[in-house]
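K.L.:
The following block contains the structure, expressed as structure tokens.
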Amino acid sequence: MNNLKICVMIMAGSLLAMSCKSYKKSTTLAKGEFILAIHGGAGTILKKNMTDSMEHAYKTVLGQALQVGYEKIKQGGSSLEAVESVIHIMEDSPLFNAGKGAVFTHDGRNELDASIMDGKTLAAGAVAGVSTIKNPISAAKAVMEKSEHVMMVGRGAEQFAKQAGLEIVDPSYFWTEARWESLQKIKKEDSTKTQLDHDKKQVSRLGVTNKDAKFGTVGCVALDGYGNLAAGTSTGGMTNKKFGRVGDSPIIGAGTYANNETCAVSCTGWGEFYIRHVAAYKVSALMEYKGEDVVHASQEVMDGIGKMGGNGGMIVLDKNGHVAMPFNTAGMYRGTVTKNGKITVEIYK
Ligand code: ASP
């Protein structure tokens with residue numbers, strides 16, 4: 001064997017060793033302690049704009065949701081069941097932009113989106129643009145479990161949900177004064193903006209007229225006692241959205257992703273950016289192919305979104321119980337629960 005060949009072999013060997021080492025580094029982290037994480041949306045959430053009673057109200061619902069998820073998993077429930085019941089609590093609260101508290105479209109309607117994914121089988125379900133399904137996350141789960149499809153939209157999704165026995169409500173169920181006022185405010189601000197302002201913010205092109213027009217999308221990631229991950233996200237989308245706009249939340253790989261080999265992810269923020277970055281899947285891919293850990297992978301994706309002008313956050317739980325919750329906004333409603341039942345809820349940076 002000549003010297004050149006030996007040299008090439010040594011180099012290849014050390015490269016292989018280096019890549020194994022970096023992969024190992026992230027997969028041999030000591031077992032984490034988390035079994036569930038939630039978010040209730042990211043945005044310009046500042047302490048100075050929040051009363052004590054509002055803060056208390058948000059923390060109470062987040063705490064209730066985490067408690068419900070913890071009990072589900074402790075009693076032997078699956079991560080999918082935990083995700084569904086946790087998201088129900090937040091969908092039923094008018095505080096969050098999902099279910100009852102969904103924001104309004106430009107036309108004064110509520111069009112809701114949701115998705116769920118099973119990390120064990122990679123099965124997934126989603127609904128988009130629905131106006132009569134009380135809990136869209138359950139409709140997403142029904143699409144996954146009771147149909148051969150992954151995504152259903154509008155009237156078809158509503159018919160399917162009815163057939164699946166889910167609770168159907170009159171569209172007026174989703175009307176809340178706070179969200180109605182937000183729509184009026186944004187429309188007013190919009191009418192005073194010049195075309196130049198629109199162009200600068202790249203928003204007219206996207207059909208969304210205010211990057212702060214979203215707050216309170218909800219999401220949950222869970223790891224059950226069988227080692228299975230699941231993720232779910234539910235939203236009303238962005239206030240003043242037009243033309244049947246659908247964001248990242250119901251798109252598997254963009255707003256939601258789960259894979260037992262890596263992690264479970266739920267995103268919140270300016271959806272167009274999350275779709276273009278395939279954000280949720282990208283976190284998983286960085287872990288799988290680059291050997292990154294949950295903190296670095298999620299931060300890398302958030303940095304990419306931020307660089308392009310997008311804002312928001314995400315929650316990520318890996319297969320070993322490590323959690324990361326990066327965001328580039330002033331705040332993100334968020335919380336975690338450990339396998340010992342320790343609940344932590346936070347709002348600001
Ligand atoms: N990502 C959601 C959307 O773009 C909004 C949000 O998370 O607040 O529809």
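The values are calculated or read from the model by the stated rules, or taken from the named source; none is laboratory data. These figures come from a predicted structure and were not determined experimentally. Positions of Cβ are generated from backbone atoms using ideal geometry, with glycine treated the same way; all protein chains shown enter the neighbour counts. When the accessible area is computed, the model is the full protein with side chains, heavy atoms only, and any ligands, DNA or RNA have been set aside. Shrake-Rupley method; radii C 1.70, N 1.55, O 1.52, S 1.80 Å.
K.L.:
Let me check against my output: what whole-number percent is the relative contact order of the chain, with C-alpha pairs under 8 Å and at least 6 apart?
P.N.:
Numbers: 862 pairs, mean separation 88.8, N = 349.
Reported as a whole number, the value is 25 percent.
K.L.:
Hey, can you grab everything whose amide H is under 5 Å from the amide H of Y333? Only 5+ residues off in sequence or another chain; H modelled, so Pro and N-termini drop out.
P.N.:
G40, G41
K.L.:
Continuing with the same structure: I'd like the orientation of helix 52-74 relative to the chain: the angle between its Cα long axis and the longest Cα principal axis, in ° from 0 to 90, rounded to 10.
P.N.:
It is inclined by approximately 50 degrees.
K.L.:
Measure nothing fancy, just the Cα-based angle from helix 79-91's long axis to the longest principal axis of the chain, in degrees from 0 to 90, nearest 10.
P.N.:
30
K.L.:
Can you compute the charge dipole magnitude of the range 76-163 about its Cα centre, using +1 on each Lys and Arg Cβ and -1 on each Asp and Glu Cβ, nothing else charged? Give it in debye, rounded to the nearest 20.
P.N.:
Values: 8 positive and 11 negative charges, 28 e Å.
With Lys and Arg at +1 and Asp and Glu at -1, about 140 debye.
K.L.:
Taking the Cα centroid of the range 136-176 and of the range 58-75, what is the distance between the two, rounded to the nearest whole Å?
P.N.:
Here the answer is 24 Å between Cα centres.
K.L.:
Between T121 and A178, what is the spin-label point distance in nm, taking each point 7 Å from the Cα along the Cα→C-beta axis?
P.N.:
3.7
K.L.:
Can you work out the accessible area per residue across the chain, with the rest of the protein chains kept in place, probe 1.4 Å, in square angstrom?
P.N.:
With all protein chains present, the chain gives 45 Å² per residue.
K.L.:
With every protein chain present, what accessible area does I89 have (1.4 Å probe, heavy atoms only), rounded to the nearest 10 Å²?
P.N.:
Its accessible surface works out to 50 Å², give or take rounding.
K.L.:
What ranking do 312-320, 221-229, 263-271 get when scored by the average of other Cβ atoms within 10 Å per residue, highest first?
P.N.:
Highest to lowest by the protection proxy: 263-271, 312-320, 221-229.
K.L.:
Below 12 angstrom from the Cβ of H106, what's the summed charge of the other residues (Lys, Arg +1; Asp, Glu -1)?
P.N.:
The answer is +2.
K.L.:
Return the subset of K134/K319; K188/K242; K146/K339; K59/K282; K74/K342 for which the Cα-Cα distance in this structure is over 21 Å, preserving the input order.
P.N.:
From K134/K319; K188/K242; K146/K339; K59/K282; K74/K342, over 21 Å: K134/K319; K146/K339; K59/K282.
K.L.:
Using a 1.4 Å probe over the heavy atoms of the protein chains, calculate the carbon and sulfur portion of the accessible area of the chain as a whole percent.
P.N.:
The C+S portion of the solvent-accessible surface of the chain is 57 percent.
K.L.:
Let me ask you something else. May I ask you to derive the FRET efficiency for H296 and K188 from their Cβ-Cβ distance with R0 = 41 Å, giving the value to the nearest 0.05?
P.N.:
Taking R0 as 41 Å, the efficiency between H296 and K188 is 0.45.
K.L.:
Turning to a different aspect of this structure: Starting at the first residue of the range 106-121, write each ³J(HN,Hα) from the Karplus equation 6.51 cos²θ - 1.76 cosθ + 1.60 with θ = phi - 60°, in whole Hz, x for Gly and Pro.
P.N.:
4, 7, x, 10, 10, 10, 9, 10, 7, 8, 8, 9, 9, x, 6, 10
K.L.:
A further question follows. Can you give the net charge of the other residues whose Cβ lies under 13 Å from the Cβ of Q184, counting K and R as +1 and D and E as -1?
P.N.:
Summing Lys/Arg as +1 and Asp/Glu as -1 gives 0.
K.L.:
Another question, if that's okay. How would the chain be classified by its alpha-carbon gyration tensor: rounded, prolate or oblate, with rounded meaning a/c under 1.5 and the a/b versus b/c comparison settling the rest?
P.N.:
Because a/c hits 1.5 or more and a/b exceeds b/c, the chain counts as prolate.
K.L.:
Between T344 and K74, what FRET efficiency comes out of the Förster formula 1/(1 + (r/R0)^6) with R0 = 22 Å and r the beta carbon distance, rounded to 0.05?
P.N.:
That gives a FRET efficiency of 0.80.
K.L.:
Please say if the range 215-349 is rounded, prolate or oblate, where rounded means a/c under 1.5 for a ≥ b ≥ c the square roots of the C-alpha gyration tensor eigenvalues, and otherwise the choice is prolate for a/b larger than b/c and oblate otherwise?
P.N.:
prolate
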